Amino acid sequence: MEVFLGIPAADGTGIGTAFVIPDSVKRAIPQHHIKIDQINKGWTRFQTAVQTVTLSLSEHLDLLSKTDPKDKIQRDVFETYILMLEDPVFNKEVRNFYEQELFNIEYTLQFKSEEYATKLRQSGNDYLAERAQDITDVFGRVLDEMLDIHPFDINKVPDGSVIFANSLSPSDTIILSKRKIAGLALSEGGVSSHVVILARNYGIPTVVGLENISKKVRTGETIIIDGKSAEILVSPDRSTIEDYKAKIREEYQHKLELRKFLGKAAQTKDGTRFDLLANIGTPEEAELAKAEGADGIGLFRTEFLYMSQNGASLNAAARSFSEENQFEAYKHVLEVMEDKPVTIRTLDAGGDKLINSVDIPVVDEKNPLMGLRAVRLSLACPNVLKTQLRALFRAGLYGNLKIMFPLISSVDQVKDLMKIVAQVKQELEAEKIPFKSDIPIGIMVETAAAAVISDCLAKETSFFSLGTNDLTQYTLAVDRENQHVAKLYNEFNLAVLRLIQMTMISAQEANIPISVCGEMAGRQDSVMVLAGMGIRTLSMSPKLISSTKELLSQFTIQELEAISNRHLNNILEINGKCY
């Protein structure tokens, strides 16, 4: 038996079979001239690759339901791809260029598909722009076939797997959440990375910081993963397996005991009440939040809605996420939660959350986490924001909705966003489309700038939500996705706690609500500190709600304040010294 130690990321214990996901291979297209007598050989390879890709798409198509609306988008994509592969006009253009210019068939296909796609992108027609992305994607599959490059399909991971990988994208994690996965063991990613946040939401035991782990384990080996101790046990003996099975039974028994908190309010031993809300990333998770007894939704991460849509189509080309699709998703969440509050965050794309959409520009940035992301991207692409706001204001008629803007760093940003809000309301009114006009609009305080000017921001917004993940990352200049600096990522750092305290004071003075929706809101050590500081609304993974109720019930508010003070005693400065 071998034991590997990483960084604990998502609690839980799993026993399963190793499945090693290979690193992706970057496509490199050769370019050279060929001789006339090589034409037929190259063309035959092209036709064979087209037939292989067409057959693969047809097989996927056969597996999709013709009546289930969830499969409709994927069916439309595959049917469009097959029609493109069979298009005689495009095939003739490729053949003519191939015979006239005598470039190798791989370069010819790439050149002609990109040329055709560029014309469609520049047409000014949204539908044709989407078709441009389809062309790039489907003939990219043909190129991969000819070059013997076979991108890994995350849908092929079998149930019961402990997945080993260098890294996973959030969209991959969303797909895996719908399977019975025993655990995730990753080389990259920090404890507050979005992959780990999703893993916690879905109850997948996760360990990160396992350097080159995918090269040390073989697919098929028996694995035990302990998310709490961050241990990976490879090929354990029977006795060890039995010990961990007993541990899994204990964890399950504790979950059963926590059910007694489902119908109870969250409160301390002496009766101080708390609101425990849920963080979700897809409409389906609203059902889980309700089942776990959430007092509402404190954060709906809408970017994962986009990722889930694209991820469902394997390597699907970029496409728009329409107002109607968004409206239905938001309406569903609001109806599930009935009269409970639902805070929906506008698109927080960019940085480490890449959205595959024709409406969002692909920007090559040296430091994307400091770049065009969140509201910066929304203000740069106002039509994307307006589409989302239209859907939100329409959906507001079906529940207790709040709208929240992410990554605010100035008052001017809020004012610019509110101008767009006003435009959207005017347009809906002019079009005589029903909507709720008085929806509270708040902001996330997740930059040091926002915390420092929180007194000014409080005059422009209806509520604050502290996003402690990014607040910690930006304050300490520590990339929360980077395991090499993971030890420096500390939410209890004096600077972070001071900024939280400063924001709380601003909210209190302006008489606006404040909550915490970062990972601090769900961890037991930080819950005690936040509660002692005066936070009364926490938003977390749905699966953590009952255990947080249990934790709060064990203390009086005075005891929590004492615990908090041990962390906060350096907030005050006296005579230039910190105590």
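No value in this document is a laboratory result; all are computed from the given coordinates. A quick note: this is a predicted structure, and the numbers were derived from the prediction, not measured. With ideal geometry, Cβ positions are generated from the backbone for all residues, glycine too; neighbour counts draw on all protein chains shown.
Computed per residue of the chain from DSSP H runs no shorter than four, each worth -39500 (n - 2.57), the mean residue ellipticity at 222 nm is -14500 deg cm²/dmol. With θ taken as phi - 60° and the Karplus curve 6.51 cos²θ - 1.76 cosθ + 1.60 applied, the whole-hertz 3J(HN,Hα) list for segment 290-305 is 5, 5, 8, x, 5, 7, x, 9, x, 7, 9, 7, 5, 4, 6, 5 Hz, x standing for glycine and proline.
Relative protection proxy for 220-231, 241-252, 427-438, from highest mean packing down: 220-231, 241-252, 427-438 (other beta-carbon atoms within 10 angstrom). Backbone phi angles across segment 409-424, fed through the Karplus curve with coefficients 6.51, -1.76 and 1.60 (θ = phi - 60°), yield HN-Hα couplings of 9, 7, 5, 4, 4, 4, 5, 5, 5, 5, 5, 5, 4, 4, 4, 4 Hz in residue order; Gly and Pro are listed as x. Excluding same-chain neighbours fewer than eight residues apart, the lysines reachable from residue 66 by a Cα-Cα span under 24 Å are 156, 178. Cross-linked pairs 228/487; 264/290; 402/459; 290/432: Cα-Cα separations exceed 25 Å for 290/432.
Show which aspartates and glutamates lie in cross-link reach of residue 216 when reach means a straight Cα distance below 16 angstrom and same-chain residues fewer than eight apart are skipped. Leaving aside aspartates and glutamates fewer than 8 places away in the same chain, those within reach of residue 216 are 2, 23, 188, 231.
Backbone amide hydrogens, once placed in the peptide plane, bring residue 466 within less than 5 Å of 445, 515, 516, 517, excluding anything fewer than 5 places away on its chain. Rounded to the nearest whole Hz, the Karplus-based 3J(HN,Hα) values (6.51 cos²θ - 1.76 cosθ + 1.60, θ = phi - 60°) of segment 465-472 follow the sequence 10, 7, x, 5, 5, 6, 4, 5, with x at glycine and proline.
Bridging of residue 35 to lysines at a Cα separation below 21 Å is possible for 92, 112, once same-chain residues fewer than 8 apart are set aside. Here's how it looks for residue 280: its modeled amide H is under 5 Å from those of 299, 300, 301, which are all 5 or more places away or on a different chain.
Both numbers refer to the Cα atoms of segment 443-484; Rg and Dmax are 11.8, 40 Å. Distances between placed amide hydrogens fall under 5 Å for residue 166 paired with 187, all partners being 5 or more residues away or on another chain.
With the Cα gyration tensor of segment 444-576 giving a ≥ b ≥ c as the square roots of its eigenvalues, does the rule (a/c under 1.5 for rounded; else a/b larger than b/c for prolate; else oblate) give rounded, prolate or oblate? The shape class here is rounded.
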